[in-house]
Amino acid sequence: MSSPVIAVVRYRDAAAFLTAAGEFLLSAESENNLILGIALELANQGPSPESPTYFAAVFRGQRMEGCAFSSVPDRLGITGMPGVVIGSLASDAGLVCRDVTSVGGPDPAVAPFAAGFAAATGRQALLGMRQRIHELRAVIPPARPVPGRLRPARESEAGILTPWVGDMLSLIGDSREAADLTRERIQGGNLFVWEDGDPVSMAGWTGKTPNGVRVNFVYTPDALRGRGYATAAVAALSQHLLDQGNRYCCLYTDLANPTSNAIYHRIGYRPIRDAALYRITAK
């Protein structure tokens, strides 16, 4: 009996991709929040020929086994998938996403995928960051209350927050312009600050999916760390998002930072999967 044929299918846009892959992605919604949230956002915006995207799925026979996507030129993301299909999808992505310099996704698929993608483009894959995906469904209030309050960031604070956003982008190898992204997030109402006289910490959200959102851009300047501001901001923002009807919040952490992982655990975030970012560089 022959093995099922492995085939890669590319989709013309996010809407077509969601029609085909929506059920697959929703089967692990928190883990797939990144790709699912971006696809939903792009589908709602409609086709944009100025911003080419890559959405693809790999099949073994009739069964969808994994997905890959790129919505910005330098970054590529994947879902989990079995090892037998990784090479086919990585090679296909290598044909289309020639400018990608960062590949991210869940373990254990991301390491061989990044290596296969790099080989397809004549480069090499180097580990950039080990991550952990967490999910929260109920907030545990911080044990140590801190002064201040959470509120939406104001446009007049863009000058303060842009360097904070820039630091976050550099940490994950994201080449987007910090000033543009800061203004976009403030105007969209999904960037918040913890105010204690002045803004002392920030947290944001994105990736709205049918049942949840992703918390990101958690940042406190060096001089203000260790005072509980980030813990308070993430707890308050997570509660706000649950109060809006979301069933869960998820976030990514850097495994090299045990402090932040412990903080999120104390307020109710629980690990669901490890992940990683790989840099794609010249040999």
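Some notes on this structure:
- Per the conditions (1) under 20 Å from the mean Cα position of the chain (by Cα); (2) open to solvent by 50 Å² or more (accessible area, probe 1.4 Å); (3) hydrophobic (A, V, I, L, M, F, W, C); (4) closer than 20 Å to A93 by Cα, the sole criterion not satisfied by L26 is (4).
- The one condition in (1) open to solvent by less than 20 Å² (accessible area, probe 1.4 Å); (2) at pLDDT below 90 that G207 fails to fulfil: (2)
- The residue list T220, T259 contains one member that is surrounded by fewer than 20 Cβ atoms within 10 Å (Cβ to Cβ) and under 21 Å from M202 (Cβ atoms), which is T259.
- Number of positions in segment 1-16 that are in contact with a Ser or Thr (Cβ under 9 Å, 6 or more places away or on another chain) and of a type outside the set (V, I, T): 4
- Segment 262-283, residues that are open to solvent by less than 20 Å² (accessible area, probe 1.4 Å) and more than 21 Å from S175 (Cα to Cα): I267, G268, Y269
- Any hit, segment 244-255, residues being acidic (D, E), open to solvent by 10 Å² or more (accessible area, probe 1.4 Å) and more than 15 Å from the chain's Cα centre (by Cα): no
- Filtering A90, A115 for residues that are buried (at least 18 other Cβ atoms within 10 Å of the Cβ), in contact with a strand residue (DSSP E or B) (Cβ under 7 Å, 6 or more places away or on another chain) and either in a strand (DSSP E or B) or of a type outside the set (D, E) (or both) leaves a single hit, A115.
- Residue in segment 73-83 that is modelled with pLDDT of 95 or more, part of a helix (DSSP H, G or I), open to solvent by less than 40 Å² (accessible area, probe 1.4 Å) and among the small types (G, A, S) present: no
- Residue that is farthest from L277 (Cα to Cα) [pool: residues in segment 141-181 that are under 23 Å from the mean Cα position of the chain (by Cα) and assigned to a loop (DSSP other than H, G, I, E, B)]: A153
- Checking each residue in segment 121-132 for being open to solvent by 40 Å² or more (accessible area, probe 1.4 Å) and of a type in the set (A, V, I, L, M, F, W, C) picks out L126, L127.
- Within segment 133-182, the only residue that satisfies the criterion of being over 20 Å from V193 (Cα atoms), open to solvent by 70 Å² or more (accessible area, probe 1.4 Å) and in contact with a Pro (Cβ under 9 Å, 6 or more places away or on another chain) is S175.
The values are calculated or read from the model by the stated rules, or taken from the named source; none is laboratory data. Everything numeric in this text was worked out from a predicted model, so none of it was measured. A quick note on method: Cβ atoms are made from the backbone with ideal geometry, for glycine too, and the neighbour counts reach across all protein chains shown. The accessibility values were calculated without ligands, DNA or RNA, using every heavy atom of the protein model including side chains. Shrake-Rupley method; radii C 1.70, N 1.55, O 1.52, S 1.80 Å.
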